[in-house]
Amino acid sequence: MAINFPTSPSVDDTYTYLDQTWICTSADPVIWERSTATETGNTEGNTGEVAYYDAKGSVIKGAIAFYYDSTNLKVGIGTSGPTETLDVRGGITASGGLSVAGATFSNDINVNTLTVGRGGGDVASNTAVGYQALFSNTEGIYNVASGFGALYNNTEGNSNVASGPHALYNNIDGNNNVASGFMSLYTNTEGNNNVASGFGALYDNTEGIGNVALGHRALYDNTGGDYNVASGYYALNSNTVGDNMPKVGGKHYAYTGKGKAAAKRARKRLRKKKKKK
């Protein structure tokens, strides 16, 4: 039986006759082809897969990477078991703005090379903010690293706070240190319970414990000296292994000022006190 198709169709126009659909594939000359995509008995695709045409007039197929859960009203991309309204398994590229409210991330995030998260080892009690902050950590806990390369080499050190570029950079397993300032406690590897605040404060310290350095390059050259207190520009700058410095008359004084000159002033004050007695 002849089919009376439309005489002046446009390409992709369809015409249905007796439950069969035809598609116009050419307007000059006019060519009609039967579209198998709408035929009954199509066996392509699985339940939940979003339908698509593999080619013009082809059989409808199911997109295995694009899934719709009609029961729970959820869409999955890269998964057939979406757990959220939109569940994407894989990377996302967005050329425009992206607005997210109440976001939860399961891993550290990278914002213009700035790391925000837990750092190396994905330890729940650690906080890392800055490019390569806490980068090498494996088992260290309760650490806070803020700044470019802060606590970079830390692997097992605990309870350290590093604020500033390369603060506590070489620390490996030192514990309970506080470093604030560019390259403060930079060389420390195993020293514990140190406090350094200022550019290069306690820079060379490696194993010294219980030191307090406040100021630009305070206790800069200290490597293994313990329980020193230095406050001021270049204070105790050249001390390397001395302990409890300065130690004058059995009492412990902090160098306040510029290295040896401060110690000299401290001794002078002590002599004056003795003369008055």
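Laboratory data are not the source of any read-out in this text; all were calculated from the coordinates shown. Owing to the predicted nature of the structure, the values given are computational and were not obtained by experimental measurement. Cβ sites come from the backbone with ideal geometry, for glycine too, and all protein chains shown count toward neighbours.
Brief remarks on what is shown
- Radius 11 Å from Cβ of Asp226, net charge of other residues (Lys, Arg +1; Asp, Glu -1): -2
- With a cut-off of 12 Å between beta carbons, the residues surrounding Asn188 carry a summed charge of -4, where Lys and Arg count +1 and Asp and Glu -1.
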